1. For the stretch 128-146, indicate whether the set of residues that are aromatic (Phe, Trp, Tyr) and in a helix (DSSP H, G or I) is non-empty.
2. Can you tell which of Phe111, Phe116 is closer than 23 Å to Arg65 by Cα and under 16 Å from the mean Cα position of the chain (by Cα)?
3. Sort through Phe111, Phe101, Phe116, Phe137 and tell me the only one that's within 16 Å of the ligand (Cβ to nearest atom) and either touching an Asp or Glu at 6+ places or on another chain (Cβ under 7 Å) or modelled with pLDDT under 95 (or both).
4. Looking at Ser122, Ser106, which one is among the polar types (S, T, N, Q), crowded, with 23+ Cβ neighbours inside 10 Å and in contact (Cβ under 8 Å) with a residue 60 or more places away in the chain?
5. What is the one condition in (1) at pLDDT below 90; (2) part of a loop (DSSP other than H, G, I, E, B) that Cys57 does not satisfy?
6. Search the stretch 154-177 for residues that are more than 21 Å from Cys57 (Cβ to Cβ) and pair each with any residue that is surrounded by 20 or more Cβ atoms within 10 Å (Cβ to Cβ) and small (Gly, Ala, Ser) when their beta-carbon atoms are under 8 Å apart and the residues are at least 6 apart or on different chains.
7. Can you pull out the residues in the stretch 147-180 that are in contact with a strand residue (DSSP E or B) (Cβ under 6 Å, 6 or more places away or on another chain), surrounded by fewer than 20 Cβ atoms within 10 Å (Cβ to Cβ) and not in a helix (DSSP H, G or I)?
8. Considering the stretch 60-77 alone, what residues qualify as being of a type outside the set (D, E, K, R), surrounded by 17 or more Cβ atoms within 10 Å (Cβ to Cβ) and either outside any loop (DSSP other than H, G, I, E, B) or under 13 Å from the mean Cα position of the chain (by Cα) (or both)?
Amino acid sequence: MSEENSSDKFVPALGFSWLTRIYDPVVGLTTREQRFKSALLAQAGLAAPMEVLDLACGTGTLAIRAKRQHPGCEITGIDADDRILKIARGKAKKEGQAINFQQGFSTKLPFRDRHFDRVLSSLFFHHLLPDAKQLTFREVHRVLKPGGQLHIADWGKPGSFLMRGLFYFIQLLDGFDNTRDNVQGRLPELMRQAGFRNVTTGREFSTMFGTMTLYSGQK
Ligand SMILES: C[S@@+](CC[C@H](N)C(=O)[O-])C[C@H]1O[C@@H](n2cnc3c(N)ncnc32)[C@H](O)[C@@H]1O
């Protein structure tokens, strides 16, 4: 499930790298992607000329949508997987959107302190083991400007027994240790531990694989 890349390891977009090429249709059909990504962008309150990071941007869908809606923002997308970044760059080029996509790990972000106004992240934190989650929250806190905000959409505490049952599929694909904090609703607590304030839990979406929850926090 996890894969070597440079000196680190990561869980690819659909758990296995050979599934990456079907990521966009799978996510589009199963996660109410349009709705929750629209809600995430609305929650983030982007405005020119903000510096925005899409953390673990995958195929770039969120970064491209953010740039389309806010052309005056500088959008950077980072992901551990070179192969998925190729897809992201191809999609941005096709749309004529200038987005800086680069390879890197969330646990060691290649950006200076206090660089970004907003960090966005969708469908990502459940890929990280508990230690990597903590490190990543600290790194995000470091690269945000004072007053800057983190906005997350990821699997949250299931809203019903049905949502809990459906989420087992994601756990089989992406791993049980990675996803435990998500399913226990612990992301807000981990954000606070990393120094975020005004941590909130926002909208929730029932999907074919569990409850998608929005969170936010401020530096
Ligand atoms: C499920 S995909 C989500 C992609 C995109 N954010 C979206 O909403 O469609 C998770 C992404 O996290 C990336 N990833 C996993 N571990 C990472 C890490 N430690 N640092 C950066 N990216 C990572 C994977 O390569 C994959 O592209």
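1. yes
2. So the residue among Phe111, Phe116 that is closer than 23 Å to Arg65 by Cα and under 16 Å from the mean Cα position of the chain (by Cα) is Phe116.
3. Of the residues listed, the single one that is within 16 Å of the ligand (Cβ to nearest atom) and either touching an Asp or Glu at 6+ places or on another chain (Cβ under 7 Å) or modelled with pLDDT under 95 (or both) is Phe116.
4. Ser122
5. Condition not satisfied by Cys57: (1).
6. Between residues of the stretch 154-177 that are more than 21 Å from Cys57 (Cβ to Cβ) and residues that are surrounded by 20 or more Cβ atoms within 10 Å (Cβ to Cβ) and small (Gly, Ala, Ser), the close pairs are Pro158/Gly210; Met163/Gly210; Arg164/Gly210; Leu166/Gly210; Phe167/Gly210.
7. Gly159 - this is the single residue of the stretch 147-180 that is in contact with a strand residue (DSSP E or B) (Cβ under 6 Å, 6 or more places away or on another chain), surrounded by fewer than 20 Cβ atoms within 10 Å (Cβ to Cβ) and not in a helix (DSSP H, G or I).
8. Correct list: Gly60, Thr61, Leu62, Ala63, Ile64, Ala66, Ile75, Thr76, Gly77.
The values are calculated or read from the model by the stated rules, or taken from the named source; none is laboratory data. Everything numeric here is computed off the predicted structure, so don't read it as measured data. Note: ideal-geometry Cβ built from the backbone for every residue, glycine included; neighbour counts use all protein chains shown.
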